[in-house]
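Working notes, structure below.
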Amino acid sequence: MKNIKIYNRAKLFLFSILSMFTYTLSFAQDSLVTKTTNVTTRTEEWQTNPLYWIIGGVILIIIIAIIASSRGRRRDD
């Protein structure tokens, strides 16, 4: 029983060492040469574009019309 505990602790220790090693290697990938570029971009949120609101409203009206017409057909049957 003690052999199993020792084996499990050894596996945990080796896994910890391995994970620390890979963590160190991932930071070692940073390059020493740094390049700086200044890029100015203008971003616009989709909520501020009126075209999206118009298209969304038209789609909503079409969906409501389809639902209303399908309910009218059920009552006639």
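The values are calculated or read from the model by the stated rules, or taken from the named source; none is laboratory data. As the structure is a prediction and not an experimental result, all values here were calculated from the model. Calculation scope for accessible area: heavy atoms of the full protein, side chains included, ligands and nucleic acids excluded. Shrake-Rupley method; radii C 1.70, N 1.55, O 1.52, S 1.80 Å.
Results, tabulated for the structure shown:
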| quantity | calculated |
| --- | --- |
| Test set (1) at pLDDT below 75; (2) open to solvent by 100 Å² or more (accessible area, probe 1.4 Å) - residue 11 fails condition number | (1) |
| Selected residue (criterion: modelled with the lowest pLDDT) from residues of the range 22-77 that are outside any loop (DSSP other than H, G, I, E, B) and small (Gly, Ala, Ser) | 72 |
